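Q: For reference, the structure I am asking about is given below.
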Amino acid sequence: MDTPSNINGKVRRLYPGEAIPYDLLLLADETEAAINRYIYDSDVYVYEAQNEIIAIYVLQVTGSDEIEIKNIAVEKRHQNLSIGKLLLRDAEIKAKEKGFGSIIIGTGDASIKQLYIYQKAGFEVFDIKKNFYIDNYPEPIFENGIQLKHMLVLKKKI
Ligand code: ACO
Ligand code: ACO
């Protein structure tokens with residue numbers, strides 16, 4: 001699979017027993033408690049360059065024909081270098097190899113960049129989880145100066 005220029009990293013599965021990179025996961029999710037609700041029941045893939053893990057995504061089976069990207073994150077100093085798009089494509093390939101027909105991803109209603117990337121990659125909004133970020137997190141979350149309230153769920157047929 002092609003790689004963003006100048007980085008030359010590779011996607012690999014997190015090794016059994018390897019430390020879970022919470023620092024990266026916490027870029028995409030607010031609390032360790034929220035992450036722990038899915039991480040032990042998911043496949044974790046990391047993007048590694050020069051022996052350093054700089055990005056991550058997490059896949060969880062959520063239906064008989066459906067798998068969900070529960071978390072996707074790129075270390076801050078490596079953002080906007082196309083690694084996120086590469087990971088979305090990689091997740092889609094993995095989901096297809098595993099025999100799933102659809103891939104799902106959820107994000108906040110104020111998450112403008114994420115909504116841009118996911119829709120550009122072919123995902124379409126198909127559900128809204130009303131008040132998800134109010135009901136499931138102890139503190140208000142803000143993105144782009146807007147409080148997150150609802151989760152938009154996007155799906156791509158693969
Ligand atoms: N508004 C709209 N588009 C933007 C913005 C913005 N504010 N900022 C950048 N973009 C565009 C860029 O122009 C580029 O688009 P283009 O390729 O058409 O030019 C694109 O967004 C960036 O693409 P990548 O470089 O592939 O993105 P990146 O490597 O930064 O990965 C990610 C995206 C994963 C969202 C990363 O920024 C990140 O880790 N953010 C913090 C964690 C996070 O929010 N994760 C997702 C939460 S949802 C979930 O985990 C299920
Ligand atoms: N992504 C995110 N934010 C952006 C972008 C972008 N691509 N481009 C500009 N912005 C931000 C600016 O930073 C600014 O935010 P800030 O005040 O927090 O810094 C804000 O958007 C711009 O605000 P205004 O200057 O008040 O916007 P404007 O006078 O351009 O009016 C409008 C907005 C009506 C959407 C205008 O751009 C327009 O006529 N667009 C074409 C017609 C249209 O789309 N109309 C709405 C269709 S829906 C309907 O009609 C019901």
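Q: Would you mind getting the accessible area per residue of the stretch 10-157, heavy atoms of the protein chains only, 1.4 Å probe, in Å²? Present the calculation step by step, with values, prior to reporting the outcome.
A: Numbers: 8170 Å² over 148 residues.
Dividing the accessible area of the stretch 10-157 by its residue count gives 55 Å².
Q: Something else now. Amide H of E143 versus every other amide H placed in the peptide plane: which residues, excluding those fewer than 5 positions away on the same chain, fall under 5 Å?
A: Excluding prolines and chain starts, which carry no amide H, the hits are L148.
Q: Okay, next question. If amide hydrogens are placed 1.01 Å from N in the peptide plane, which non-local residues have theirs closer than 5 Å to the one on S82?
A: Long-range HN contacts for S82: none found.
Q: Let me ask another. Could you estimate the translational diffusion coefficient of the chain from the Stokes-Einstein equation, with Rh from the Kirkwood formula over C-alpha pairs, at 20 °C and 1.002 mPa s, in whole µm²/s? Before the final figure, lay out each step's value.
A: Numbers: Rh = 16.1 Å.
Taking Rh from Cα pairs, D becomes 133 µm²/s.
Q: Here is a follow-up. Rounded, prolate or oblate: which one fits the stretch 65-158, using the alpha carbon gyration tensor with axes a ≥ b ≥ c (rounded when a/c is under 1.5, else prolate when a/b beats b/c, else oblate)?
A: Here the stretch 65-158 falls in the oblate category.
Q: Can I ask one more? Mind listing the phi-derived Karplus ³J(HN,Hα) values for the stretch 37-43, rounded to whole Hz, using 6.51, -1.76 and 1.60 with θ = phi - 60°, and x for any glycine or proline?
A: Per-residue couplings from phi come out as 6, 10, 5, 7, 10, 9, 9 Hz.
Q: To the nearest 20 debye, what is the magnitude of the charge dipole of the stretch 70-155 about its Cα centre, counting +1 on the Cβ of each Lys and Arg and -1 on the Cβ of each Asp and Glu? Could the numbers behind the result be given before it?
A: On the way: 14 positive and 10 negative charges, 51 e Å.
In debye, rounded to 20, the stretch 70-155 gives about 240.
Q: What is the dipole size for the stretch 10-157, taken about its Cα centre, with +1 at each Lys and Arg Cβ and -1 at each Asp and Glu Cβ, in debye to the nearest 20?
A: Dipole size: approximately 560 debye.
Q: Something else about it: Which is farthest toward the positive dipole end of the stretch 10-157 among Y45, I103, A73, measuring Cα position about the Cα centre, with Cβ charges +1 (Lys, Arg) and -1 (Asp, Glu)?
A: I103
Q: To the nearest 500 deg cm²/dmol, what mean residue ellipticity at 222 nm is calculated for the chain from DSSP H runs of n ≥ 4 alone, each contributing -39,500 (n - 2.57), summed and divided by the residues?
A: Working: 5 runs with 40 residues, N = 158.
Rounded to the nearest 500, it is -7000 deg cm²/dmol.
Q: Okay, moving on. Excluding same-chain residues fewer than 8 positions from K96, which lysines have a Cα within less than 23 Å of its Cα?
A: Partners within reach: K10, K70, K85, K120, K155, K156, K157.
Q: What percentage of the solvent-accessible surface of the chain, computed with a 1.4 Å probe over protein heavy atoms, is contributed by carbon and sulfur atoms?
A: Values: 4280 of 8880 Å².
Reported share for carbon and sulfur atoms: 48 percent.
Q: Next question. Sequence-distant or interchain residues sharing an amide H contact under 5 Å with I158, placed H: which?
A: Residues meeting the amide H criterion: S102, I103.
Q: Write out the trypsin sites (Lys or Arg not before Pro) in the stretch 80-132 meeting two conditions: DSSP loop, and at most 13 other Cβ atoms within 10 Å of their Cβ. Please report the intermediate quantities before stating the final value.
A: Working: sites: K85, R89, K94, K96, K98, K113, K120, K129, K130; in loops: K98, K130.
Listed in order of number, the matching sites are K98, K130.
The values are calculated or read from the model by the stated rules, or taken from the named source; none is laboratory data. What you are looking at is a predicted structure, and each value in this text was computed from that prediction instead of being measured. Positions of Cβ are backbone-derived with ideal geometry, glycine not excepted, and every protein chain shown enters the neighbour counts. Note: areas computed on protein heavy atoms with side chains; ligands, DNA, RNA excluded. Shrake-Rupley method; radii C 1.70, N 1.55, O 1.52, S 1.80 Å.
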